[in-house]
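First the structure, in the form of structure tokens, and then the observations on it.
A short reminder: the numbers here are calculations on the coordinates, not readings from a lab. The model shown is predicted, which means the values in this text are computed figures rather than measured ones. Cβ coordinates were reconstructed from backbone atoms using ideal geometry, including for glycine residues, and neighbour counts include every protein chain displayed.
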Amino acid sequence: MIKNYFELEKAAQRLQPVRMVVVSAEDEQVLKGVKLALDKGIICEPILVGNGQQIEKILVNLKEDSKNYRIENMSNHFEAAQKAIKLIKDGQARILAKGKIKTDDFLKAILNKENGIKKSPLLSNLTLFEMSSYHKFIGITDIAIIPFPGLKEKIEIIKNTYPLWQALGISQPKVAVLAAVEVVNPVMQATVDAACLAKMSNRNQIEHFIIDGPLSYDTAMDPESAGGKGISNSLVAGDPDMLLVPNLETGNILGKSLKINSYAKSAAIVFGADVPVMINSRSDSAERRYYSTLLARIILENKTKTKE
């Protein structure tokens, strides 16, 4: 079981490097992240799509030889996204990464009915955090794509993440379905959905996962808090692998608070496409982008083995 980014890096470095394509790569932190992944042997021959002149200028500032990269010059973000998707569909790259492009425009290219690469019923995001205050990785979903998921969407969000847990060596990931309270309240839909998901898990309607809820954040993450509130027989409380949040705003605020105030390391991935998709915030550091590359690489390896 891989529990932190040090272990994840070692696992990814044991694999053969693969080619990644970056949409709108004309950004210093984006290219620093690509450089890190290239130097560490995670990727090879990266394809940088976007403003070619700006990309080459940044590479010079980073003292990088542009010959180590394939640059595809595009006049705008929309064209850059379309070009990158085509390269993925043609088999010229196996990981897709978001650069300076806005998330909405990036996702539109993936979701395009004629030329996109959507595979599952729903695209969803998970951000994986490493915190000194927690004993293993904790994933939070969805914090970037689905604003107000209903029960049907929450089921797909959970299912989408399974390739990640397989890649990390977790056969039965534990999911805490978050709400403000630990009891079912008919006027609080998050608690009703949580109870439904827990019951569906108990009856094996959602395979591979152990799901409990509703759980507040403290009862989910702290066994003492759970015990103090009388939740003593839960397999999830105090030991979740993933937190399913009731809506995007909750997850986005929680995730950013962990990054800024808990100094958590993180990586962001989109599930539901033909290939692993990296969806870092435009404000993310090169290090966070590198961590996302590590995550994408081991997920890709697991998907390849599953197909075989």
Please sort by residue number the trypsin sites (Lys or Arg not before Pro) in region 54-132 whose DSSP state is loop and whose Cβ has at most 10 other Cβ atoms within 10 Å. LYS63, LYS113
Among the lysines in region 122-272, how many pairs, 8 or more places apart or on different chains, have alpha carbons under 21 Å apart? 16
Angle between the chain longest axis and helix 151-160 axis [Cα atoms, degrees, rounded to 10]: 60
Region 1-115 shape via C-alpha gyration tensor axes, a/c threshold 1.5: oblate
Can you tell which of CYS196, THR141, PHE209 lies farthest toward the positive end of the dipole of region 139-292, using +1 and -1 charges on the Cβ of basic and acidic side chains (Lys, Arg; Asp, Glu)? THR141
About its Cα centre, how strong a charge dipole does region 52-203 have in debye, to the nearest 20, once Lys and Arg get +1 and Asp and Glu get -1 at the Cβ? 340
Among the GluC sites (Glu not before Pro) within region 1-106, which fall in a DSSP loop and have no more than 11 other Cβ atoms within 10 Å of their own Cβ? none
Would you mind calculating the relative contact order of region 122-272 from Cα pairs under 8 angstrom and at least 6 residues apart, reporting the percent as a whole number? 36
When the label point is put 7 Å from the Cα of LYS102 along its Cα-to-beta-carbon vector, which residues of region 1-36 have a backbone N closer than 16 Å? 24
For LYS10 and LYS256, compute 0.36 nm times the residue count separating them, minus their Cα-Cα distance, and round to one decimal in nm. 85.9 nm
Could you give the size of the charge dipole of region 122-272 about its Cα centre, using +1 on the Cβ of each K and R and -1 on the Cβ of each D and E, expressed in debye and rounded to the nearest 20? 180
Rounded if a/c is under 1.5, else prolate if a/b is larger than b/c, else oblate: which is region 122-272, with a ≥ b ≥ c the root eigenvalues of its Cα gyration tensor? rounded
According to the square roots a ≥ b ≥ c of the eigenvalues of the Cα gyration tensor, what is the shape class of the chain, taking rounded for a/c under 1.5, prolate for a/b larger than b/c otherwise, and oblate for the remainder? prolate
Note the angle between two axes, namely the Cα long axis of helix 77-89 and the longest principal axis of the Cα atoms of the chain, as a number of degrees from 0 to 90, rounded to the nearest 10. 80
Set of region 270-305 residues, backbone N closer than 17 Å to the point 7 Å along the Cα-Cβ line of LYS113: none
Listed residue (LEU107, GLY227, ALA237) projecting farthest to the positive dipole end of the chain, Cβ model: LEU107
